[in-house]
Amino acid sequence: MAKSLGFLEGVLSENKFLSSSSFSPTDILVGFPLLSLPSQIFSPHPNVSVWLDAVRQNTKPLSEQLVEAGRSSLDGEKPSIKGKKDGKPKKGKTDQGKKQADSKPAARKLRILCIHGYRQNGKTFREKLGSFRKLVGKQAEFEFVTAPHHIPSENPEEQDQFGWWFSQSTKSFDAHEDSSCDLGFSESVSTVEEALAKGVGGDKFDGILAFSQGASLAAHLCVLQETGKLNSNFKFCILVAGFVSRTLQHKSVFQTMQKTEGSVTIPTLHVFGDTDKVIEKEMSEDLVQYFASPDIIRHPGGHFVPATGEGKKEFNIFLEKMQKLL
């Protein structure tokens, strides 16, 4: 160190600065690290001391922090370099990255309209979806609509059952029956259109979740929307145990779309069980062909909305994708 300072003293005895008669980056590169050393070291070298004062003045306030750090080190304290503006310790990259992540706005919950199956109503469907709603509760909130058609029954325990349409004029329904009867269907389309238009709390629904006969109706609504014949709109649809209605005029709507428009383009999730005896999986598989980019969940169970098992995470994955589309 003594030899190096002696050399600097000789250079600075001929020039005020290292590389020229004016202050330059070379002075900063050589002099700045020396500022942290005790001032008594430079006592035998007056030209070096004068030169370092110039370096200190030209590199404020960083030079002052470096000098302070050097003093703290001599006193046995851990140096603490403070930030320029607020006098607070500088944060590392990890802290900055965390701050940026924390400032990221959380995705809002999806608003989903739920369409129940035959012989259900909005209340009973809500109850049946208890576990499912808990599964996806951080991603979505649900509203339930009841079909406009009461299903006649002499059984006192069956007075709260409703359907979206009947395949017979006697007000009965069979999903496997080829028929030209769709009693009450147009009223049901209007009911869902009105619910979609009304929204919830002044906000529009993002999507639809539908089950069984309700899923058949919702698939039909997807086609109507695709062909510009629906008075409301939605961005995605979840179809559980869905199927193409075997009412002749309903099948015709799907076939016409396939010939002209191609396929339904909104995102859809199709869910069906391998052991479903009410709507066999083949009926749900047949529905998939009318959708451009369907996601599919197959589960080993029967006629219900699955909320357990390996496939349950697929619901979360799909809903997360829908949140990103908002």
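The values are calculated or read from the model by the stated rules, or taken from the named source; none is laboratory data. For clarity, every value in this text was computed on a predicted model and none was experimentally measured. Every residue, glycine among them, receives a Cβ derived from its backbone with ideal geometry; neighbour counts consider all protein chains shown. Accessible surface areas use protein heavy atoms only, side chains included; no ligands, DNA or RNA. Shrake-Rupley method; radii C 1.70, N 1.55, O 1.52, S 1.80 Å.
Structural remarks
- 3J(HN,Hα) along region 267-277, derived from phi through the Karplus expression 6.51 cos²θ - 1.76 cosθ + 1.60 where θ = phi - 60°, amounts to x, 9, 10, 10, 10, 8, x, 5, 10, 5, 9 Hz, with x in place of Gly and Pro.
- The peptide list 115-124, 172-181, put in order of mean Cβ contacts within 10 Å with the highest first, becomes 115-124, 172-181.
- Out-of-range pairs (alpha-carbon distance over 29 Å; input Lys138/Lys235; Lys171/Lys312; Lys198/Lys281; Lys171/Lys235; Lys251/Lys277; Lys109/Lys259): Lys171/Lys312; Lys198/Lys281; Lys171/Lys235; Lys109/Lys259
- Taking a sphere under 15 Å around the Cβ of Lys109 and counting the other residues whose Cβ falls inside, with K and R at +1 and D and E at -1, yields a net charge of +4.
- Surface analysis of region 122-203 yields an accessible area of 56 Å² per residue, using protein heavy atoms and a 1.4 Å probe.
- Per residue, the accessible area of region 235-326 comes to 49 Å² when a 1.4 Å probe rolls over the protein heavy atoms.
- Vicinal HN-Hα couplings computed from phi for region 250-257 (Karplus, 6.51 cos²θ - 1.76 cosθ + 1.60; Hz; Gly/Pro x): 6, 4, 4, 4, 5, 5, 5, 4
- Alpha-carbon centroid distance for the pair region 210-226 / region 171-192, whole angstrom: 12
- Residues whose placed amide H lies under 5 Å from that of Leu110, excluding near-sequence neighbours: Ala140, Glu141
- Carbon-plus-sulfur accessible fraction, region 212-255 (probe radius 1.4 Å, protein heavy atoms only): 43%.
- A cut-off of 5 Å between modelled amide H atoms, ignoring neighbours fewer than 5 places along the same chain, links Val264 with Phe291, Ala292.
- Protein accessible area in region 137-199, 1.4 Å probe - carbon and sulfur %: 44
- For the pair region 108-148 and region 249-326, the centres of their Cα atoms are 17 angstrom apart.
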